[in-house]
Amino acid sequence: MDWKTIPSLASLRAFDGAARTGSLSEAARSLNVTHAAISQHLRALEAEFGVPLLDRTGKGVIPTAAGQILGSALADGFDRIAAGIEALRGEIAGRPLTVATTPTFAENWLMPRLGSFWAAHPEVEIALKPANRLADIAGGEADLAIRYGSGAWPGLQAEKLAPATFVVVASPTFTKINTLPACCWYFVERGFEHRKWAISHGLVTEGTRIEHLDSNALVLSAVRAGHGLTAQTRANVDADLASGALVALGEFEDEGAGYFLVTRAGEPSPALKAFTSWLKTDI
């Protein structure tokens, strides 16, 4: 399609509105523009084609023979566009809200609390995508990601959900029989914020004994069993600390960083609004 041969969309919408309603005033109201703007668009359209498209009558306007040809084509085209948009909106509204986060955050913080969200919003279906890698929000891989960082993700909207509070934890039995300098630290094998944070704060150095495991769930299992200690964000170990399965050896807030709600730019869907509002009140 050569768009240079097609008149402006504004003028075509003005003509379609006038042809459908038979009134320039009604067309102006339906398009939320002035009567003068509709008249200007129609004059420009008739000048481009070189023929009159509407006959002005005392009560309004009716399409000429040329106007009927254009009006029929526009009515068909705009109706198909409207139907396609409505179908897409229905498809989007029927999809679950996809939330990407780390497996540990999903398991230890989000899943135990989701019941309260569903009780308040039974109409919203949630699809969790737990993964250590960052989800491609811009590419539509998820509607929302809960990410740790500084909040700088170009092209995306980021709202701080909570500060990143890190806790050094171990089992109660481990702390009774070991001293900190000689102990073993457990971290996920891949580069992960917990290990990076411990290194940046001087808790882990080149001489520190470190065991790397495949997942943070295994890390926490090893630490609960008394094999060593680890650094975790507070949200990941709140339940363990409350139950006494783990004890905190130190707690630190990572200034400038935190957990962020990351979404695509634009107006959020009602489901996304409801979920983010719930997250912000429940964190």
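The values are calculated or read from the model by the stated rules, or taken from the named source; none is laboratory data. Just so it is clear, the model here is predicted, and its values are computed rather than measured. Cβ placement follows ideal geometry from the backbone for every residue including glycine, while neighbour counts extend to all protein chains displayed.
General remarks:
- Residues located in region 50-108, provided they are among the aromatic types (F, W, Y) and crowded, with 18+ Cβ neighbours inside 10 Å: F105
- Check on L261, modelled with pLDDT of 80 or more, under 19 Å from the mean Cα position of the chain (by Cα), at negative phi and part of a strand (DSSP E or B): yes
- Inspection of region 247-264 finds a residue satisfying the criterion of being in contact with a Lys or Arg (Cβ under 8 Å, 6 or more places away or on another chain), in contact (Cβ under 8 Å) with a residue 12 or more places away in the chain, farther than 19 Å from P103 by Cβ and surrounded by fewer than 13 Cβ atoms within 10 Å (Cβ to Cβ).
- Just one of the listed residues (T57, T64) is at pLDDT 90 or above and out of contact with any helix residue (DSSP H, G or I) (no Cβ under 8 Å at 6 or more places or on another chain), and it is T64.
One line per residue, one yes/no per condition, for (1) more than 25 Å from T101 (Cα to Cα); (2) at pLDDT 85 or above; (3) outside the structural domain of P103 (by TED's automatic domain parsing); (4) crowded, with 16+ Cβ neighbours inside 10 Å:
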position	(1), (2), (3), (4)
T173	yes, yes, no, no
P181	yes, no, no, no
T205	yes, no, no, no
T208	yes, no, no, no
A217	no, yes, no, no
L220	no, yes, no, yes
R234	no, yes, no, yes
A239	no, yes, no, no
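- T21 being surrounded by 14 or more Cβ atoms within 10 Å (Cβ to Cβ), in the same structural domain as L279 (by TED's automatic domain parsing) and among the hydroxyl-bearing types (S, T, Y): no
- Qualifying position, being acidic (D, E), assigned by TED's automatic domain parsing to the domain that holds G228 and in a helix (DSSP H, G or I), among E141, E159, E107: E107
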